[in-house]
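A short worksheet on the structure shown next.
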Amino acid sequence: MVIRGVIPATILSIDGGGIRGIIPATILSFLESQLQELDGEHVRLADYFDVIAGTSTGGLVTAMLTAPNENNRPLFSAKDITDFYLIHCPKIFPQPIGPFASILKTLGEVWGPKYDGKYLHGLIKEILGNTRLHQVLTNVVIPTFDIKLLHPTIFSSYEIKHTPSLDALLSDICIGTSAAPTYLPAHYFQTADSECNVTEFNLIDGGVAANNPALVAISEVTKASRGNPDFSPIKRLDHCKFLVISLGTGSGKKSEKYDANKASKWGVLNWLFSGGSSPLVDVFTQASAEMYDRLSSGAFDALRCESTCLRIQDDELSSLASSVDIATKENLENLVKIGENLLKKPVSRRGLNTGILEPVENGGTNEQALIRLAKKLSQERKLRQMRSLHTRNKFRR
């Protein structure tokens, strides 16, 4: 049973973005350290959030934060995730070596994905093992896109009771949500329910559906609350009482992206490969993220939720830093610094008219906002623990 406190739901959301997952990982490390200062070194992010949502690389972070180890505690602390990226990204996205390597790799991309995904797939399967969706330590929401059915498939632990076929291996879900077209191969797998009904999945990157999964998570929480005695009823205006932390992975400076004069002459190959990246993939992931960004900004502004809803994003990355796969030591270490610097920047929201990030008046820095929200999360957790204990004692009488 879920014992509610003051806040109807606490939500953590992590965008997709390949190697740029280091940026939210750095921010999560800071948030978890603040919670540990309040409640002890043993606490983890999964102890505080009703749902953690992630797309693509954010889906992998979500799994790492919520999958149980042998002691039924999270496999990874937040501070370990940055090191995970620094160690493994150069092997997931090996960089071309030699004078003709780049040319040969580009020619190979015409007939197949840029990377074969073997190292990534093996690593994810080794880490997550046989853990299934129902075994996570808090609710998770991980968007993917099924290319056979041509619609999003949302792996939500809230939905397992109604749709048992979604109870897939976490490793399959993570491989599917991270299968960015042109970069990594699409992922096929099957699940079978207790009556041996088989469901097949043909998945690519969840960024096609929702690169910023915050609103998807809110929707899943709201649906789960309807008619469920484990939830306090959540009304529409209760959304302003949600505590939402939504972390972006950064995007490039608009002036450094593509322009119509060049794009007007592009054919299929140019849209797929230009300047070392895929404009088509950049466009649909960025469009998805910014559309959700605008919608959430508008909704939360209308409901006056500024004090409990925080979006942290940087849309001024250089062309190198904004790549999803340039996994050189220098670029990865630079992304860590970008995450650290982002903590010092002012709290910002995307302007509905301008489309750019604008500082929130009297919002302070992202670091200050996270410290405030860490206190709210700690208070909420303690209140729920007290009410849970009171409920158990009441039933024992």
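The values are calculated or read from the model by the stated rules, or taken from the named source; none is laboratory data. As the structure is a computational prediction, the values presented were derived from the model and not from experiment. Here the Cβ is made from the backbone with ideal geometry for all residues, glycine too, and neighbour counts use every protein chain on show. Keep in mind that these areas ignore ligands, DNA and RNA; they rest on the heavy atoms of the full protein, side chains included. Shrake-Rupley method; radii C 1.70, N 1.55, O 1.52, S 1.80 Å.
Expressed in nm to one decimal, what extension gain is obtained for the pair ASN353 and SER33 from 0.36 nm per residue of sequence separation less their Cα-Cα distance?
Contour length minus the Cα-Cα distance gives 111.6 nm.
By the gyration tensor of its Cα atoms, with a ≥ b ≥ c the square roots of the eigenvalues, what is the shape of region 154-234: rounded for a/c under 1.5, prolate for a/b over b/c, or oblate?
Oblate.
Could you give me the ³J(HN,Hα) list for region 72-79, computed from phi with Karplus coefficients 6.51, -1.76, 1.60 and θ = phi - 60°, whole Hz, x at Gly and Pro?
Karplus values, whole Hz, x for Gly and Pro: 6, 10, x, 4, 10, 7, 4, 5.
Given H placed on each backbone N at 1.01 Å, which residues far from THR153 in sequence or on other chains put an amide H within less than 5 Å of it?
The answer is THR144, PHE145, ASP146.
Can you list the residues, at least 5 places off or on another chain, whose amide H is less than 5 Å from the amide H of ASN202, using H built in the peptide plane?
ILE147, LYS148
Provide, in order from the shortest bin, the percent of all Cα-Cα pairs of region 120-193 in each 10 Å bin, continuing until the bin that contains the maximum pair distance.
Spelled out bin by bin, region 120-193 gives 19, 55, 25, 1 percent.
Using packing as a proxy for protection, rank 37-48, 316-327 so that the peptide with the highest average count of other Cβ atoms within 10 Å comes first.
Highest mean packing first, the order is 316-327, 37-48.
Could you report region 1-80's accessible area per residue, 1.4 Å probe, as an integer in Å²?
Roughly 29 Å² per residue, with all protein chains present.
Describe numerically, in nm with one decimal, the distance between label points set 7 Å from Cα along Cα→Cβ at GLU361 and at SER388.
Those two pseudo-labels are separated by 4.1 nm.
Run the numbers for LEU149 and LEU320: contour at 0.36 nm per residue of separation, minus the present Cα-Cα distance, in nm.
Difference between extended and current length: 58.1 nm.
Using only the Cα atoms, what convex hull volume per residue in Å³ does region 1-78 have?
Once divided by residue count, the hull of region 1-78 is 103 Å³.
I'd like the Karplus ³J(HN,Hα) series for region 148-157: coefficients 6.51, -1.76, 1.60, θ = phi - 60°, whole numbers in Hz, and an x wherever there's a Gly or Pro.
For region 148-157, the Karplus-derived couplings read 7, 8, 6, 8, x, 10, 9, 8, 10, 5 Hz, x marking Gly and Pro.
With each label point set 7 Å from Cα along the Cα-Cβ vector, what nm distance links LYS79 and LYS223?
Computed distance between label sites LYS79 and LYS223 equals 3.8 nm.
Using a Förster distance of 56 Å, how high is the FRET efficiency between LYS337 and TYR188, based on the Cβ-Cβ distance and rounded to 0.05?
Approximately 0.90, to the nearest 0.05.
If amide H atoms are built 1.01 Å from N in the plane of the peptide, which residues on other chains or at least 5 residues away come under 5 Å of the amide H of ARG349?
GLU358, VAL360
Given R₀ = 41 Å, FRET efficiency for LYS329-HIS162 by Cβ-Cβ distance, to 0.05?
That pair, LYS329 with HIS162, gives E of 0.35.
For the ranges 182-192, 214-224, what's the packing order if you count other beta-carbon atoms within 10 Å of each residue, average per peptide, and put the highest first?
In descending order of packing, they fall as 214-224, 182-192.
Could you sort the peptides 117-129, 15-27 by per-residue average Cβ neighbour count (10 Å cutoff), highest mean leading?
My ranking of the peptides, most packed first, is 15-27, 117-129.
Could you go through region 11-23 in sequence order and give the Karplus-derived ³J(HN,Hα) for each residue, using 6.51 cos²θ - 1.76 cosθ + 1.60 with θ = phi - 60°, rounded to whole Hz, and x for Gly and Pro?
Using θ = phi - 60°, the values come out as 10, 10, 10, 10, 5, x, x, x, 4, 5, x, 4, 5 Hz.
Put a dot 7 Å past each Cα toward the Cβ at TYR119 and ALA287; how far apart are the dots in nm?
It is 3.2 nm.
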